[in-house]
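*Asks:* Please find one structure pasted underneath; my questions will follow.
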Amino acid sequence: MGKCHSEQFNSEKVTSLGKDWHKFCLKCERCNKTLTPGGHAEHDGKPFCHKPCYATLFGPKGMSAS
Ligand SMILES: [Zn+2]
Ligand SMILES: [Zn+2]
């Protein structure tokens, strides 16, 4: 489950991927960039930024970031 599972939401909470996250926990698993709820990619339940991380890790070949 997500790392927010057992934590309490005393601080700001955001909802994305059908789960609740602390605002500061919703960040890219690869580059730690802060993400916008609903405005990011997802893989295996983990949030990623679309570019460059998701495209680099999981995107179709030939879509390398310029
Ligand atoms: Zn959290
Ligand atoms: Zn990223």
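Read-outs: derived from the displayed coordinates by stated rules, not from any lab. Quick caveat: nothing in here was measured; it's all calculated off a predicted structure. Neighbour counts run over all protein chains shown; Cβ positions are idealised from the backbone, glycine included.
*Asks:* Cross-link list Lys27/Lys61; Lys23/Lys46; Lys19/Lys61; Lys13/Lys51: which exceed 20 angstrom alpha carbon to alpha carbon?
*Replies:* Long pairs (Cα-Cα over 20 Å): Lys27/Lys61; Lys19/Lys61; Lys13/Lys51.
*Asks:* As an exercise, identify the trypsin sites (Lys or Arg not before Pro) in region 10-55 lying in DSSP coil whose Cβ has no more than 16 other Cβ atoms within 10 Å. Write out the running numbers ahead of the final one.
*Replies:* Numbers: sites: Lys13, Lys19, Lys23, Lys27, Arg30, Lys33; in loops: Lys23, Arg30, Lys33.
Answer by residue number: Lys23, Arg30, Lys33.
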